[in-house]
1. Quick one: helix 71-80 against the long Cα principal axis of the chain, what's the angle to the nearest 10°, folded into 0 to 90?
2. Cα centroids of the stretch 55-100 and the stretch 3-25: how far apart, whole angstrom?
3. Please identify every one of the chymotrypsin sites (Phe, Trp or Tyr not before Pro) in the stretch 24-116 that sits in a loop by DSSP and has no more than 16 other beta carbons within 10 Å of its own beta carbon.
4. For LEU81, what is the net charge nearby, where nearby means another residue's Cβ is under 12 Å from its Cβ and Lys, Arg count +1, Asp, Glu -1?
5. So if each residue of separation counts as 0.36 nm, and I subtract the Cα-Cα distance between LEU21 and LEU59, what length gain in nm does that give?
6. What are the GluC sites (Glu not before Pro) within the stretch 10-116 that DSSP puts in a loop, where the Cβ has at most 15 other Cβ atoms within 10 Å?
7. For the chain, report the accessible area per residue in Å² (1.4 Å probe, heavy atoms, rounded to an integer).
8. Given R₀ = 22 Å, what would the calculated FRET efficiency be for HIS40 paired with LYS68, taking r from the Cβ atoms and rounding to 0.05?
Amino acid sequence: RAKTQIAKQFVKFNERCTIRLLGDMRSYNYVIIPTHDFDHVEYQIRAIDFDQQCFEGNLKVYRPQFFKENFKMVQLVAEKLQENSIEQYRREERSLLAKRIINAQTRYKELMRCIL
């Protein structure tokens, strides 16, 4: 169960890095954070360094799956998840980010209304 959950989180992390332009997310630039609950452990993957948010022109730089240092994580995803599950997790992550963008626009408009 833990390996499957880590594989799922890596798929989502890979999607976040691509959308947010987090470059060079090799295995030493992110951490796996376990959060203990009563009867299970939740895992999340987070980038350590956010200073690299800029576009360099090569999309592969923003996809952790293409770095050889992450090969074991890619293997774990291939072993534990089916293709349709991978696509579902990618869509889930994109929709969460889209909601944040929409909410940010609404909050920005409300702040501007208060200032003016």
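The values are calculated or read from the model by the stated rules, or taken from the named source; none is laboratory data. Remember, predicted model here, so these are calculated numbers, not experimental data. Note: ideal-geometry Cβ built from the backbone for every residue, glycine included; neighbour counts use all protein chains shown. Note: accessible area is taken over every heavy atom of the protein model, side chains too, but ligands, DNA and RNA are not part of it. Shrake-Rupley method; radii C 1.70, N 1.55, O 1.52, S 1.80 Å.
1. Relative to the chain, helix 71-80 is tipped by roughly 80 degrees.
2. If you average the Cα positions of each part, the centres end up 5 Å apart.
3. Working: sites: TYR28, TYR30, PHE38, TYR43, PHE50, PHE55, TYR62, PHE66, PHE67, PHE71, TYR89, TYR108; in loops: PHE38, PHE50, PHE55, PHE67.
Here the chymotrypsin sites (Phe, Trp or Tyr not before Pro) that fit, given the DSSP loop and packing criteria, are PHE38, PHE50, PHE55.
4. My count for the surroundings of LEU81 gives +2.
5. Numbers: separation 38, 0.36 × 38 = 13.68 nm, distance 0.86 nm.
Full-extension gain reported as 12.8 nm.
6. Passing sites in the stretch 10-116 are GLU56.
7. Working: 8360 Å² over 116 residues.
Using a 1.4 Å probe on heavy atoms only, each residue of the chain averages 72 Å².
8. The calculated FRET efficiency here is 0.10.
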